[in-house]
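The next block holds one structure in the form of structure tokens; read it before the comments.
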Amino acid sequence: MRTLEWDEEKDALRLIDQTLLPREYKLIECKHVDELIAAIKSLKVRGAPALGAAGAFGVVLACTTEITKESVKQEVTKLKIARPTA
């Protein structure tokens, strides 16, 4: 069981919805940076190591979905400010 993992076939990040633990185990699939940001803000992914890895995968998502270097930079900026806690 991995907290986060990259699905190469779908170009998507799969992560455990931590808000449901320990009652339920559910994977969320993020194919776009906005989906990952929503998961971060709603604490579906949490903890410094998981947030760091999610951010790195978010950059990968941006690179797979955005066309220009500038649009990738904009997505990365959105990721940087997504974490709701200190």
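Values in this text are rule-based calculations from the coordinates and carry no lab data. Please read these numbers as outputs of a predicted model, since none were measured by experiment. Here Cβ is always computed from backbone atoms with ideal geometry, including for glycine, and neighbour counts include all displayed protein chains.
Points worth noting:
- Degrees separating the helix 69-80 axis from the principal Cα axis of the chain, which is the longest one: 30 degrees
- The lysines within cross-link reach of residue 44, meaning a Cα-to-Cα straight distance under 21 Å and a gap of 8 or more places when in the same chain, are 10, 26, 31, 78, 80.
- Net charge of neighbours whose Cβ lies under 12 Å from the Cβ of residue 34, counting Lys and Arg as +1 and Asp and Glu as -1: 0
- Between the Cα long axis of helix 48-65 and the first principal axis of the chain there is an angle of about 40°, rounded to the nearest 10.
- For region 4-80, size of Cβ-based charge dipole, Lys and Arg +1, Asp and Glu -1, in debye: 400 debye
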